[in-house]
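To start, the structure itself, in structure tokens.
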Amino acid sequence: MVIDTGDAGRPFTGARDAGAEARAAEAVRALVSALTDAAGDTWAGAALGGALGLGEGTTVLGRDGTGHPGDPFELLAVLDAPVRDVPALERHLAKAVFETAKSRRVEASVAAVARRGLRLLPPTFWNMELVAARRVVAGPAALLPPYAEVFHGAPDRAEGVRLLAKTGARLLAAERLVEFASDPEIASDNFRAMPTATPTEGVGTVEAPRGTLTHHYWTDERGILTKVNLIVGTTNNYAPMCMSIERAARSLIHRGQVVSEGILNRIEMAFRAYDPCFGCATHSLPGHMPLEVTLRDAAGDVVDVIRRDG
């Protein structure tokens with residue numbers, strides 16, 4: 001058995017920062033331990049792919065000046081299990097990896113493959129790099145078959161098209177970033193207009209996580225607000241929220257069915273997803289969100305009203 005955690009001199013990062021290397025090694029040990037426990041008797045080993053597997057990972061410096069690995073840990077778990085059982089096992093392994101990565105404050109993902117299916121890996125760039133790098137982090141050193149036995153030539157055409165599209169998207173994003181950074185208005189220091197006299201009207205717009213916020217205020221000669229108009233993310237999302245609620249209700253409520261608390265909760269999920277502020281505005285103080293659902297028939301007549309008080 002072997003656990004390649006960089007002790008043999010093979011780095012994880014291109015900069016070979018001592019702090020980043022140590023943290024990467026600790027993360028690999030923790031992730032392998034979690035995968036071993038989750039896989040149980042089906043465990044055969046694992047390999048590390050991506051930039052860290054190739055030893056070309058980036059290093060991010062923390063506020064204290066110490067280095068941290070800046071790339072996700074991309075693992076391939078090899079299992080001694082029937083091929084038909086691998087998808088379910090992979091979901092179980094993914095949960096274990098997620099919880100471990102979260103506790104370690106790193107990003108990680110796992111793909112699973114049956115040992116007998118190693119020679120049938122699709123010719124994606126990630127698979128080809130992983131087999132070529134041969135970074136076995138758990139299991140026998142010969143866990144991965146020779147490259148020539150798995151891949152015969154270059155990646156398939158579809159994989160090349162996907163890479164070309166991703167590269168083009170990244171190039172376009174970089175060009176737009178340069179364009180924005182070079183815009184004199186965006187880069188100007190004059191991004192906030194401070195009033196020098198008592199204003200009578202003012203408008204402010206800002207991008208927030210839940211959408212664009214626009215505040216429009218009117219004041220009197222003393223600067224006291226006389227009128228306010230707030231166009232917030234919820235306002236912008238009214239139409240799609242109503243559509244989602246209707247779709248949820250149509251799919252969950254049927255003729256003759258008793259509307260339970262669980263159905264109300266699922267309908268509530270349809271609009272909560274649009275606005276995280278609903279959680280604080282309507283949920284935290286009373287302990288649960290007041291909700292009223294009115295059921296109507298095809299003619300629009302009220303059939304029932306289900307109410308949940310706050």
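List of remarks:
- The stretch 97-116 - residue that is exposed (fewer than 15 other Cβ atoms within 10 Å of the Cβ) and in a helix (DSSP H, G or I) and, of those, nearest to the chain's Cα centre (by Cα): Lys102
- For Thr234, the criteria (1) part of a strand (DSSP E or B); (2) β-branched (Val, Ile, Thr); (3) in contact (Cβ under 8 Å) with a residue 12 or more places away in the chain hold in every case but one, which is (1).
- Out of Pro145, Pro184, sole residue that is surrounded by 10 or more Cβ atoms within 10 Å (Cβ to Cβ) and either free of Cβ contacts under 8 Å to residues at least 60 places away in the same chain or not polar (S, T, N, Q) (or both): Pro145
- The stretch 195-208, residues that are within 20 Å of Asp220 (Cβ to Cβ) and either of a type outside the set (Val, Ile, Thr) or in contact with a Gly (Cβ under 8 Å, 6 or more places away or on another chain) (or both): Pro195, Ala197, Thr198, Pro199, Glu201, Gly202, Gly204
- Considering Leu75, Leu52, Leu48, the condition of being more than 20 Å from Gly19 (Cα to Cα) and either of a type in the set (Phe, Trp, Tyr) or touching a residue at least 12 places away in the same chain (Cβ under 8 Å) (or both) is satisfied by Leu75 alone.
- Among residues of the stretch 125-139 that are assigned by TED's automatic domain parsing to the domain that holds Leu75, those with a Cβ under 6 angstrom from a residue that is among the aromatic types (Phe, Trp, Tyr) and surrounded by fewer than 20 Cβ atoms within 10 Å (Cβ to Cβ), sequence gap 6+ or separate chain, pair up as Met128/Phe151; Val131/Tyr147; Ala132/Tyr147.
- The number of residues in the stretch 46-83 being of a type in the set (A, V, I, L, M, F, W, C), closer than 13 Å to Gly14 by Cβ and part of a strand (DSSP E or B) comes to 1.
- Lone qualifier among Leu143, Leu225, Leu164, Leu177 - being farther than 30 Å from Leu118 by Cβ, aliphatic (A, V, I, L, M) and under 31 Å from the mean Cα position of the chain (by Cα): Leu177
- Any hit, the stretch 12-23, residues being under 19 Å from Gly139 (Cα atoms) and either at pLDDT 90 or above or under 21 Å from the mean Cα position of the chain (by Cα) (or both): yes
- Condition met for Gly168 (in contact with a Pro (Cβ under 9 Å, 6 or more places away or on another chain), without any contact (Cβ under 8 Å) to a residue 24 or more places away in the chain and not in a loop (DSSP other than H, G, I, E, B)): no
- Unmet requirement for Thr196, which otherwise passes all of (1) part of a loop (DSSP other than H, G, I, E, B); (2) in the same structural domain as Leu79 (by TED's automatic domain parsing); (3) of a type in the set (Val, Ile, Thr): (2)
For every residue, the table says whether it meets (1) under 19 Å from Val293 (Cβ atoms); (2) in contact (Cβ under 8 Å) with a residue 12 or more places away in the chain; (3) of a type in the set (A, V, I, L, M, F, W, C).
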residue: Leu225; (1), (2), (3): no, no, yes
residue: Met241; (1), (2), (3): yes, yes, yes
residue: Arg247; (1), (2), (3): yes, yes, no
residue: Val258; (1), (2), (3): yes, no, yes
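- Only a single criterion out of (1) under 18 Å from Val28 (Cα atoms); (2) more than 19 Å from the chain's Cα centre (by Cα) is not satisfied by Phe73, namely (2).
- Which numbered condition Pro87 fails, given (1) within 22 Å of Pro145 (Cα to Cα); (2) surrounded by fewer than 20 Cβ atoms within 10 Å (Cβ to Cβ); (3) in the same structural domain as Glu149 (by TED's automatic domain parsing); (4) in contact (Cβ under 8 Å) with a residue 60 or more places away in the chain: (4)
- Residue in the stretch 209-239 that is farthest from Phe271 (Cα to Cα), counting only those that are buried (at least 16 other Cβ atoms within 10 Å of the Cβ) and of a type in the set (A, V, I, L, M): Leu213
- Which listed residue, of Leu285, Leu295, Leu264, is at pLDDT below 65 and either within 17 Å of Glu246 (Cβ to Cβ) or in a loop (DSSP other than H, G, I, E, B) (or both): Leu285
The values are calculated or read from the model by the stated rules, or taken from the named source; none is laboratory data. Worth saying up front: this structure is predicted, and the values here are computed from it rather than measured. Reconstructed Cβ throughout: ideal geometry from the backbone, glycine too, with neighbour counts over all protein chains shown.
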